[in-house]
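Where a number appears in this text, it was derived from the coordinates with a stated rule and is not lab data. Computed from a predicted structure; not experimentally measured. No Cβ is skipped: glycine too gets one built from the backbone with ideal geometry, and neighbour counts run over all protein chains shown.
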Ligand SMILES: *Cc1c(COP(=O)(O)O)cnc(C)c1O
């Protein structure tokens, strides 16, 4: 932040040469570090929630089809139904391994919408499922990867729209989101040619092709994203260490006698670890944690009062993980 201030970039306007240069290098570093394929385009918007609306506005002419197992996936469908009332979906269980059979209820929807990492319950879609979707349907596939992008390797070629806000695995302050579009998604957006909104995709694309944005963006957030992307290791390396750390944490929690929300190892998230706990006990554990300077993340949606969640995000250091581990070990006699 100090560098951003000193460089003067915060005082430039968003059609100026220094801004355009900064936007360009930020997108280049992001594509490089996250291994985003050639031909895929990157746009910056304000939030994952905005991406829900952009998908409906600019890629769905009649309705979208949603496959979900938790609160974020369900919320996306609700937002989609407000804009495209015919949208519908199918839900599956937390411990269920999703298969393409979930698509049998699909009729003529334009886009299949899935949540890669369901932040509310700590599940993740197996790569084989996303690849299976691609083989099963030639409709566009849109993936909410808000709590996994920049944390784990994503199968970019298996979907057309990927997005994430930066306050999760990117480890940055909230207020920016990354939207990644496949060549097929771009063609569909151009064919549909929605131009009603400030964030309509064809309009966004025209701006980003000039390394500009439709409106004055969060320049500081884009700058910070660029600097972080320059510094981080390539995603393969980050992903390996996140997976390993997740495996260790899951094993450790189980050794302590904690109950995991996700019993089926095949659908456990590497970046969000959800632990189930009865409300009274949970309140007590959270209070004890707070007294030691640790804030245990609350549950979300149906799991709000019965779980706590650990963010196994790349920006969380080993020291923080080890102080959490020793805290839980110390109080584990009460589990
Ligand atoms: C956090 C989160 C969102 C919402 O992100 P905003 O930046 O608040 O719009 C959406 N989807 C998932 C899966 C999330 O984890």
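Tabulated data for the structure shown
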{"quantity": "From the options 158, 165, 200, residue that is under 28 Å from residue 235 (Cα atoms) and more than 11 Å from the chain's Cα centre (by Cα)", "calculated": "158"}
{"quantity": "Inter-residue pairs, beta-carbon under 7 Å, first more than 19 Å from residue 314 (Cα to Cα) and in region 147-158, second more than 13 Å from the ligand (Cβ to nearest atom) and in a loop (DSSP other than H, G, I, E, B), 6+ apart", "calculated": "156/36; 156/37; 156/40; 157/37"}
{"quantity": "Criterion (buried (at least 18 other Cβ atoms within 10 Å of the Cβ), within 23 Å of residue 211 (Cβ to Cβ) and touching a helix residue (DSSP H, G or I) at 6+ places or on another chain (Cβ under 8 Å)) met by exactly one of 67, 54", "calculated": "54"}
{"quantity": "In region 116-146, residue surrounded by the fewest Cβ atoms within 10 Å (Cβ to Cβ) [restricted to those that are assigned to a loop (DSSP other than H, G, I, E, B), touching a residue at least 60 places away in the same chain (Cβ under 8 Å) and within 16 Å of the ligand (Cβ to nearest atom)]", "calculated": "125"}
{"quantity": "Matching option when the condition is within 30 Å of residue 7 (Cβ to Cβ), without any contact (Cβ under 8 Å) to a residue 60 or more places away in the chain, within 24 Å of the chain's Cα centre (by Cα) and surrounded by 16 or more Cβ atoms within 10 Å (Cβ to Cβ), among 275, 232, 228", "calculated": "228"}
{"quantity": "Hits in region 322-335 - residues which are surrounded by fewer than 16 Cβ atoms within 10 Å (Cβ to Cβ) and either in contact (Cβ under 8 Å) with a residue 60 or more places away in the chain or more than 21 Å from residue 169 (Cα to Cα) (or both)", "calculated": "325, 326, 329, 330, 331, 332, 333, 334, 335"}
{"quantity": "Segments classed as strands (runs of 3 or more DSSP E), wholly inside region 27-111, with at least 2 members that are under 19 Å from the mean Cα position of the chain (by Cα) and more than 18 Å from residue 165 (Cα to Cα)", "calculated": "64-68"}
{"quantity": "Per-region count, region 303-321, residues out of contact with any helix residue (DSSP H, G or I) (no Cβ under 7 Å at 6 or more places or on another chain) and loosely packed, with under 15 Cβ neighbours inside 10 Å", "calculated": "5"}
{"quantity": "Members of region 32-48 that are within 16 Å of the ligand (Cβ to nearest atom) and in contact with a helix residue (DSSP H, G or I) (Cβ under 7 Å, 6 or more places away or on another chain)", "calculated": "43, 44, 45"}
{"quantity": "Of all residues in region 150-161 being closer than 19 Å to residue 185 by Cα and in contact with a helix residue (DSSP H, G or I) (Cβ under 7 Å, 6 or more places away or on another chain), the one that is surrounded by the fewest Cβ atoms within 10 Å (Cβ to Cβ)", "calculated": "155"}
{"quantity": "All positions within region 8-31 that are free of Cβ contacts under 8 Å to residues at least 24 places away in the same chain and surrounded by fewer than 16 Cβ atoms within 10 Å (Cβ to Cβ)", "calculated": "8, 11, 16, 17, 18, 28"}
{"quantity": "Pairs with Cβ under 7 Å, 6+ apart, first in region 282-304 and at negative phi, second surrounded by fewer than 15 Cβ atoms within 10 Å (Cβ to Cβ) and assigned to a strand (DSSP E or B)", "calculated": "304/298"}
{"quantity": "Residue count for region 214-260, restricted to those that are touching a strand residue (DSSP E or B) at 6+ places or on another chain (Cβ under 7 Å) and in a loop (DSSP other than H, G, I, E, B)", "calculated": "2"}
{"quantity": "Filter result for residue 175 (surrounded by fewer than 22 Cβ atoms within 10 Å (Cβ to Cβ), within 16 Å of the ligand (Cβ to nearest atom) and within 26 Å of residue 189 (Cα to Cα))", "calculated": "yes"}
{"quantity": "Some residue of region 192-200 being under 30 Å from residue 179 (Cβ atoms), free of Cβ contacts under 8 Å to residues at least 12 places away in the same chain and not in a helix (DSSP H, G or I)", "calculated": "yes"}
